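Comments concern the structure below.
The values are calculated or read from the model by the stated rules, or taken from the named source; none is laboratory data. As the structure is a prediction and not an experimental result, all values here were calculated from the model. When we count neighbours, we look across all protein chains shown, and the Cβ atoms used for this are built from the backbone with ideal geometry, even at glycine. Protein only, heavy atoms only, side chains kept; ligands, DNA and RNA dropped before computing areas. Shrake-Rupley method; radii C 1.70, N 1.55, O 1.52, S 1.80 Å.
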Amino acid sequence: MISEYKNVDRTDLSDGQKYFYEYTEQAFNAVLNLDEWIQKSSLEKQCYRVFQIAEMRSRGASVTKNLLEIKLYEKLKEVIPYAMASSYVINNKERHLTQDLVEFCEKQIDLIDENKGIMDSPDKLEVDKAFECYINHIQPDRIPSLKVYKQPEVKEKIGELYELYEKIITTYNN
C-alpha cells in the first residue's frame, strides 16, 4: 500500500488530497515500524538502545537518561533470578515473598521494550511497594535461609536495583 501511495501522481491533486496521501503514508510507515519493533527480541532492542546512544552523541545530544535506561534494563534482567531464588511463602500467604518484586521487574522490562520512557515512572510509592520484601525481609536479614553468609548475592543484587530506582526517582521524577 505504501508503494501504491508513493506512486500516485500528486501534481494535479488539491492540497487536501496531497495531505491525505502524505498523512496516510506516514501512518502506514509508523505501523510498519511499530510492528518491526515488536518483532525484535529483547537483546535486539537493547542493542538498538546502545546504537541510539552513538547516534545521539554524534549529534551532541545528552545521553544520560539513555545510559541509565540501558543500565536499568540490564539490572532488571539480572535481578529477576535472584528475586525468584529467594521467594517462598511466609505465614501461609498465597503470594510468594518476592512475587510483587518479580512482577514489577517484568512490567518495567516490558515498558522499556515498548519504548515508553521509563524515566517518567514509577513513582516512589510504587517502588517501595514492589521492594517491600527487600526493605522488610531481605535487607534486614530476617530470612534464615538468606543469611549473609549463605546467599549474599540476593541481598546485594536486589539492593543494587533498589538504589538505581532511588537514583532515577530523585534525579528524574521531581
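Rounded to the nearest 0.05, what FRET efficiency do TYR172 and ARG57 give with R0 = 22 Å and r taken as the Cβ-Cβ distance? Could you check? Working from the Cβ atoms, E equals 0.65.
Across the chain, the longest run free of exposed loop sites, meaning chymotrypsin sites (Phe, Trp or Tyr not before Pro) lying outside DSSP classes H, G, I, E and B with no more than 16 other Cβ atoms within 10 Å, spans 1-87. Accessible-area rank, largest first, for SER3, SER14: SER3, SER14, with all protein chains present and a 1.4 angstrom probe.
In the chain, the longest principal axis of the Cα atoms and the axis of helix 99-113 are about 20 degrees apart. The angle between the Cα long axis of helix 42-58 and the main principal axis of the chain comes to about 70°, on a 0 to 90 degree scale. For the chain, the longest principal axis of the Cα atoms and the long axis of helix 15-39 meet at an angle of about 30 degrees. For the stretch 1-76, applying the loop criterion from DSSP together with a ceiling of 10 other beta carbons within 10 Å to the trypsin sites (Lys or Arg not before Pro) yields ARG59. FRET efficiency for the pair LYS124 and GLU78, taken as 1/(1 + (r/R0)^6) with r the Cβ-Cβ distance and R0 = 22 Å, rounds to 0.45.
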